[in-house]
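For reference, the structure is listed below as structure tokens.
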Amino acid sequence: MSNLTVKHKTIEPDQNDAGAYYYRAIIRYELDDISGAIANYDQAIALDPNYADAYYNRANAYYFLKEYNKALADYSQVIRLEPNAADAYNNRANVYWDLGDLKSALEDAKKANELGASETLAKLTAQINGK
């Protein structure tokens, strides 16, 4: 049994502790229980609607499942809560790209670049230029 499985079985979150649900979600994600992770992120967010990290990780899970509109909503919420969240802009740019919204993808990639996350801008620029 892996350490993650052991940890998962031992974590019974306090029903009022958003952080406990958040960390349990991380473990579930690592165990490839994506829908279980999302359910735990849902609980964390229900307990703390300003939990930017929970929105961010839930967005990553939705993106993994190709549920792009849900990922987009969560990355947008992270940006509302933390306007300088470079990774949220970066990842939202990828969602926009996958949805075919090149203009929004480039805007977010440029903002991410300004905030220090340059990988998506470089990738999109190369794809646009056919390289």
Quiz item: Considering only the range 45-71, how many residues are in contact with a Ser or Thr (Cβ under 9 Å, 6 or more places away or on another chain) and either among the acidic types (Asp, Glu) or surrounded by fewer than 21 Cβ atoms within 10 Å (Cβ to Cβ) (or both)?
Solution: 1
Quiz prompt | In the range 72-131, residue modelled with the highest pLDDT [restricted to those that are surrounded by 21 or more Cβ atoms within 10 Å (Cβ to Cβ), among the hydroxyl-bearing types (Ser, Thr, Tyr) and over 24 Å from PRO49 (Cβ atoms)] | solution = TYR96
Quiz prompt | Per-region count, the range 19-38, residues closer than 18 Å to TYR51 by Cα, of a type in the set (A, V, I, L, M) and modelled with pLDDT of 95 or more | solution = 5
Self-check item: Residue in the range 80-98 that is at positive phi and touching a residue at least 12 places away in the same chain (Cβ under 8 Å) present
Solution: no
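The values are calculated or read from the model by the stated rules, or taken from the named source; none is laboratory data. Just so you know, these numbers come straight off a predicted model, no measurement behind them. Every residue, glycine among them, receives a Cβ derived from its backbone with ideal geometry; neighbour counts consider all protein chains shown.
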